[in-house]
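Down below is the structure, laid out as structure tokens.
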């Protein structure tokens, strides 16, 4: 009887692990996703200098992503096996370990969903800076093709994010830029 009470407490451990995994993907290992996007040539992706100068940190975070996903999936699978045994389905209990693949797929989906949210956030922040640069270029009457405007906006965007990162205001600044839908008055009809 005492074993069952302890196992009921163990039932909640995977739930806490899933919550922890979500916050890990969102707050710590977002650098892995942004580094991949930066390597693909995405202008809106920004990775702080510490991770660019030391790529081993990114590899370590990626290793931790995999390790934490496996541990969470194994803990969840163990609870499924325990539930099958408690339900007197002991002949199917060993098949409960196959649920680890389902939980690994769920962890992968969680990581992808976090990456999609980051993509939206950083693209919104970048295009605010792009609209500002485009407005300045149009206001001054400078003839500039689209590629040069994007490059100029990318440099300005990276400089602003680096400055915010140096002052420990990185996330606050990115979220404020993404939330701002300010468009110069002359461009209302275009956007």
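The values are calculated or read from the model by the stated rules, or taken from the named source; none is laboratory data. Quick caveat, the model's predicted, so the values are computed rather than measured. Cβ atoms come from the backbone with ideal geometry, glycine included; neighbour counts cover every protein chain shown.
Before moving on, here are some points about what is shown:
- Any chance residue 91 is in a helix (DSSP H, G or I) and buried (at least 17 other Cβ atoms within 10 Å of the Cβ): no
- Some residue of the stretch 65-87 being under 25 Å from residue 175 (Cα atoms), buried (at least 19 other Cβ atoms within 10 Å of the Cβ) and free of Cβ contacts under 8 Å to residues at least 60 places away in the same chain: yes
- Taking the conditions (1) farther than 30 Å from residue 153 by Cβ; (2) surrounded by fewer than 12 Cβ atoms within 10 Å (Cβ to Cβ); (3) under 32 Å from the mean Cα position of the chain (by Cα) in turn, residue 120 satisfies each one other than (1).
- In summary, helices (runs of 4 or more DSSP H) completely within the stretch 1-53 and bearing 3 or more residues that are surrounded by fewer than 13 Cβ atoms within 10 Å (Cβ to Cβ) and at pLDDT below 90 occur at 2-10, 49-53.
- Residues satisfying the stated conditions in the stretch 152-170, i.e. part of a helix (DSSP H, G or I) and without any contact (Cβ under 8 Å) to a residue 12 or more places away in the chain: 155, 159, 163, 164, 166
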